Structure formats: C-alpha cells, structure tokens
Amino acid sequence: MWTLVLVAGALLDRGRPALDAVQAQSISAAVRFLSDDLLEGRGTGTRGHAIAEQYVASRMQALGLRPAGESGYLQRVKLCESRAQGTLTVEGAAVKDVLVGGDCGAPDRSVEGELAFAGYGQPAEIRDVRGRIAMVLAGAPQSLPSTQRALASANEDKLKRLRAAGAVAEIVLTTPEVEARRPWALLQRNFVNGQAHVTDDLPPLPVAYVDLAESDRLKQRVGSRARLHVKQTTRAFDSGNVAGLLPGESPETIVYSAHLDHHGICAPGAPDPICNGAIDNATGIAEMLEIARGFGALARRERSVLFLAVTGEERGLLGSAWFARHPTIPREQMIANLNLDQLLPAYPLGELVLRGAELSTLEDHVRAAAAELSLAIVADPVPEQNFFARSDQLNFARIGVPSACLWQGFSGPRGEAAFKDFRANRYHQPSDDWLPTYDWEAAAQMARAELLVGVSLLAGPRPMWKPDSPFR
C-alpha cells in the first residue's frame with residue numbers, strides 16, 4: 001500500500017504533459033465526422049465502416065502510431081452473416097412475437113424436443129436438458145454483485161453450457177427487468193441486418209427470442225413438445241479492426257480499445273433510417289485517439305501502448321473476439337485492457353465506476369488516477385445494464401488480460417437525468433447524433449482520466465487477477 005501512495009503522489013506531475021495534450025474540440029470533430037450520414041451508421045462490413053477504418057488509420061498515422069495490424073494498420077476480420085426467419089410451435093400451436101437468430105448453418109432445418117427450463121442458464125441450473133429445447137431467462141440473478149452479474153448474463157457462455165449438457169436449441173425468455181432496459185422493439189431493430197458471427201467460432205445452437213407476454217406463457221409449458229424451424233440465407237464477408245502502436249522501452253503493452261461500428265441503416269424506409277452512433281461509440285474512438293495524442297507527448301514510455309478500434313461490437317463483440325484469437329502482438333505482452341464505450345458528454349466528470357477493474361489489481365491504478373483527479377470511485381448505479389459483459393473488454397478478460405470498461409457514473413441528478421434521457425430517446429436509434437450542445441470538455445475530462453490510469457500502468461506493477469476473480 002505504501003508503494004501505491006508513492007506512485008499516486010507523483011502520478012499527476014508525471015502525466016501533466018499528456019493530460020495537457022488532450023483537446024476537447026478534437027474529440028468533438030472526430031465524433032462529428034464518424035457520426036455523419038456519409039458513413040451510413042458504420043455498419044460492420046459496409047462502405048461506411050471502411051471509410052471509418054481509413055479515417056482512424058490516417059489519424060493514427062498523424063499521431064505517430066506505428067502500424068500494428070496485419071496489413072498496415074488494418075486487421076481483416078472474417079465473418080459470416082445470416083438473415084433468418086423462423087417459427088416456434090408448442091404442441092402444434094404457433095408462438096407469437098418470435099425472433100429467430102441465424103447461425104450460418106443449413107439454409108432450412110427444424111429442431112424438435114421437449115421444453116426444459118434452465119433458469120438463468122447458470123451451471124447449477126442446467127439439469128435434464130439432453131435432447132430438449134432449453135428455455136433460459138435473459139440476464140442474470142439480481143442477487144449477484146454488479147460485474148459478476150454482468151458476466152453471468154452473457155448468452156454466449158449460456159449456449160456453450162447448454163450444448164455441453166446436450167440441449168438441441170435455446171429459447172431466450174424476456175423478463176420484466178430486461179424489457180425495461182431493452183424493449184422488444186429495440187431488439188427487433190437490432191435484428192434488421194441479421195446476425196453475424198466470426199467464422200472460426202460459429203454459434204453452437206439455434207436460438208429464438210420471445211417477447212415478455214410469450215415468455216410468461218412458455219414458462220408454464222415445461223415438458224411440452226416444441227419445434228423450432230429456421231430458414232436462413234448466409235454470406236461471407238469481412239470487416240476491419242484498426243491497430244496502432246506507440247512503442248515503449250518494454251514490449252509489455254497497455255491496450256486501449258473502442259468499437260468503431262454501429263447499427264448502420266437500422267430503420268429502412270423511415271424518414272431518417274440511419275443509426276449514426278455518435279455516443280455509441282464515436283465518442284470512445286475519439287477519446288481513444290486523444291489518449292494516443294497524450295501518450296505521444298510524454299518524453300518517456302516504459303511500456304508500449306496499443307490503440308485498437310474494433311469492428312462488430314454491435315453484432316456480438318466480433319472484432320475483439322477475432323483479435324483475442326488472432327492478436328497482432330503476443331497475448332502474454334498485454335498487461336491490461338482499458339475499453340472505452342458509450343461515454344456521454346452531457347455533464348462534468350465527478351466520479352468513476354470500476355466496471356471490471358475491481359477483479360484485478362488494475363483497480364489500484366484506477367484508484368490512484370482518480371485520487372489525483374479528485375474523482376470519486378462509486379458503485380455502478382445501473383447494475384441491471386450488465387455492461388461488463390456487453391462490450392469488448394470481456395474478450396480480453398477471457399484470454400487472461402486484466403480489463404475494465406471505466407464509466408463516468410452519474411455525478412449527481414443532472415447526470416442521472418441525462419443518462420435516462422439518452423437510453424430512452426437516442427440509444428440504438430437514429431437520433432444518436434453529434435450535438436454541438438454536448439459538453440465536449442466533459443469528454444476530454446473522461447479521456448484524461450483514462451489516460452492517467454495508463455500513465456500509472458507505464459511504470460507501475462503489472463496488474464494481476466485477484467484470487468476470487470472468475471478469470472484467474
């Protein structure tokens with residue numbers, strides 16, 4: 001602890017040149033460009049996304065970052081897209097309001113079996129599902145701590161458990177809590193462009209989602225015979241991660257990441273059909289580029305710093321999953337991942353939420369930076385959002401890299417109101433646009449906080465998982 005105090009006492013002086021280099025207007029300008037209609041919402045694998053890739057690569061070059069992809073700054077991510085339609089019947093009666101996820105498998109097939117209920121799909125809840133269609137609740141038990149709850153909500157892990165237990169398909173049941181934070185209409189919009197998967201990890205089971213009313217009915221039908229019919233068309237395509245490196249004296253590397261993609265043309269036929277993704281996640285990309293500018297202003301870097309703009313986050317964390325399996329630097333050199341996602345520049349920064357940092361001694365570096373910047377460390381005010389499992393830090397944690405997606409919290413009633421307004425009126429909607437009324441200095445404050453954590457990591461102890469971490 002004494003060592004940490006000494007590091008913290010010198011941290012702000014060490015980081016001052018880097019913090020001073022961060023420019024609020026540069027963040028605003030980058031968000032404005034990336035969320036322009038010209039890029040058509042930066043859908044994974046689209047021309048608009050390719051424009052965004054080249055923009056980020058050119059900015060990395062201008063900032064002095066070395067190419068760290070597989071072809072210059074770019075890493076091609078090989079994907080498969082499926083557009084599926086399907087039906088779910090129970091004892092011959094059709095279930096209404098069903099969304100069937102394509103899996104790039106056979107173009108037309110059916111799966112049959114008795115319905116079994118497996119709770120939230122946690123290991124102790126999966127019993128007697130062999131040869132059956134398993135129904136699982138979306139999300140995770142509310143009794144779990146915030147980050148553990150987020151991890152338990154990941155449907156990818158539920159699918160792997162169900163397949164290992166012999167289930168033949170999965171039905172995801174909506175709960176009142178999930179409906180409140182992710183309404184059925186929003187999930188339908190997310191299905192407009194089909195489902196995408198990395199080609200070396202196709203989903204293990206057919207999946208159907210049902211709305212709240214049908215979920216309540218299906219829970220009463222355990223043991224009934226069900227049939228899931230899937231028809232799908234598929235195509236192979238690729239999209240790009242963008243990677244740039246600031247080398248240090250050591251090959252040990254701090255990784256900053258942010259997702260470059262959004263939902264593209266998400267409302268075909270509407271007056272405004274484009275989900276531009278200004279906050280989600282042009283802000284993360286823009287702040288990451290300013291963090292790179294800051295590190296470039298330091299006279300010395302004991303460790304290297306990698307900046308990674310990943311594709312396909314909105315399609316299921318695909319770009320980071322590909323990078324985790326095909327890293328462009330050795331995995332053992334990555335000492336920490338700081339992921340930036342959904343940063344809302346609507347109010348001054350007053351606090352930080354750890355969101356994963358508490359699972360490792362990365363927390364010490366976050367607390368040191370927060371103390372120097374007079375930021376409070378607070379509990380996640382919206383644990384039901386399961387944020388840790390919903391962005392790219394999860395894939396770094398899965399390969400053993402201590403990771404976090406730090407968040408700005410509410411910092412008071414103004415922030416809480418802004419967050420609720422964004423979630424209700426702009427999140428994953430065409431209205432998520434660049435606004436001149438956003439507080440771009442607040443965005444710069446968040447970039448500086450993330451930057452100072454990295455400055456602590458340059459010469460501080462390498463983060464290690466805590467004994468009770470699920471990734472240890």
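The values are calculated or read from the model by the stated rules, or taken from the named source; none is laboratory data. These numbers were taken from a predicted model, which means no experiment stands behind them. We place every Cβ from the backbone using ideal geometry, glycine too, and count neighbours over all the protein chains shown. These accessible areas exclude ligands, DNA and RNA; they are computed on the full protein's heavy atoms, side chains included. Shrake-Rupley method; radii C 1.70, N 1.55, O 1.52, S 1.80 Å.
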Please work out the Cα center distance from segment 59-117 to segment 240-273, rounded to the nearest Å. 19
How much of the DSSP beta bridge set in the chain is antiparallel, as a percent to the nearest 5? 60
Please label the shape of segment 265-420 as rounded, prolate or oblate, based on the square roots a ≥ b ≥ c of the eigenvalues of the alpha-carbon gyration tensor (a/c under 1.5 means rounded; beyond that, a/b larger than b/c means prolate, else oblate). oblate
Within segment 83-240, percent of DSSP bridges classed antiparallel, to nearest 5: 65
Counting pairs of alpha carbon atoms under 8 Å apart in space and at least six apart in sequence, what relative contact order in percent does the chain give? 23
Overall form of segment 416-472 per C-alpha gyration tensor (a/c, 1.5; a/b vs b/c): oblate
Excluding residue 241 itself, calculate the net charge of residues whose Cβ lies under 13 Å from the Cβ of residue 241, where each Lys or Arg counts +1 and each Asp or Glu counts -1. -3
Expressed as a whole number of Å, what is the distance separating the alpha-carbon centroids of segment 174-215 and segment 346-379? 32
How much area per residue is accessible in the chain when the probe is 1.4 Å and only protein heavy atoms are counted (Å²)? 38
Please state the shape class of segment 241-327: rounded when a/c is under 1.5, otherwise prolate if a/b exceeds b/c and oblate if not, all from the C-alpha gyration tensor. oblate
Quick query: amide H of residue 117 versus all other amide H atoms, modeled in the peptide plane; which residues come in under 5 Å with a sequence gap of 5 or more or a different chain? 135
Once both labels are modelled 7 Å past Cα along the beta-carbon direction, what's the residue 128-residue 50 spacing in nm? 5.4
So, by mean Cβ neighbours within 10 angstrom, what's the order for 281-292, 122-133, 348-359 with the highest one leading? 281-292, 348-359, 122-133
For mean projected area of the Cα convex hull in nm², with candidates (1) 19.4; (2) 20.9; (3) 27.0, the value calculated from the shown model is option (2)
Let me check I've understood the local charge: for residue 95, count other residues with C-beta under 9 angstrom from its C-beta, Lys and Arg +1, Asp and Glu -1. What total comes out? 0
Taking 4 °C and 1.567 mPa s as the conditions, I'd like the Stokes-Einstein D for segment 33-120 in µm²/s, using the Kirkwood hydrodynamic radius from alpha carbon pairs. 74
Percent relative contact order for segment 226-283, counting Cα pairs under 8 Å at least six residues apart, stands at 23
Among all cysteines in the chain, which have no other cysteine Cβ under 4.7 Å from their own Cβ? 405
Along segment 301-316, what does the Karplus equation 6.51 cos²θ - 1.76 cosθ + 1.60 (θ = phi - 60°) give for ³J(HN,Hα), rounded to whole Hz, x for Gly and Pro? 10, 5, 10, 7, 9, 9, 10, 10, 9, 9, 9, x, 5, 5, 9, x
Quick one: helix 155-164 against the long Cα principal axis of the chain, what's the angle to the nearest 10°, folded into 0 to 90? 50
Tell me what the chain gives for mean residue ellipticity at 222 nm when only DSSP H runs of n ≥ 4 count, each as -39,500 (n - 2.57), the sum divided by the residue total, rounded to 500 deg cm²/dmol. -10000 deg cm²/dmol
By how many degrees, 0 to 90 and rounded to 10, does the Cα axis of helix 440-459 deviate from the longest principal axis of the chain? 80
Can you work out the FRET efficiency for the pair residue 89 and residue 143, with r the C-beta to C-beta distance and R0 = 30 Å, to the nearest 0.05? 0.30
What are the lysines whose alpha-carbon lies under 20 Å from the alpha-carbon of residue 231, with same-chain residues fewer than 8 places away excluded? 96
Show me the trypsin sites (Lys or Arg not before Pro) within segment 62-125 that DSSP assigns to loop and that have at most 12 other Cβ atoms within 10 Å of their Cβ. 96
Within-15-Å neighbourhood charge of residue 384 [Cβ basis; K, R +1; D, E -1]: +3
Accessible-area composition of the chain, carbon plus sulfur, in percent [1.4 Å probe]: 52
Distant-in-sequence amide H partners of residue 167 (H built 1.01 Å from N, under 5 Å): 131
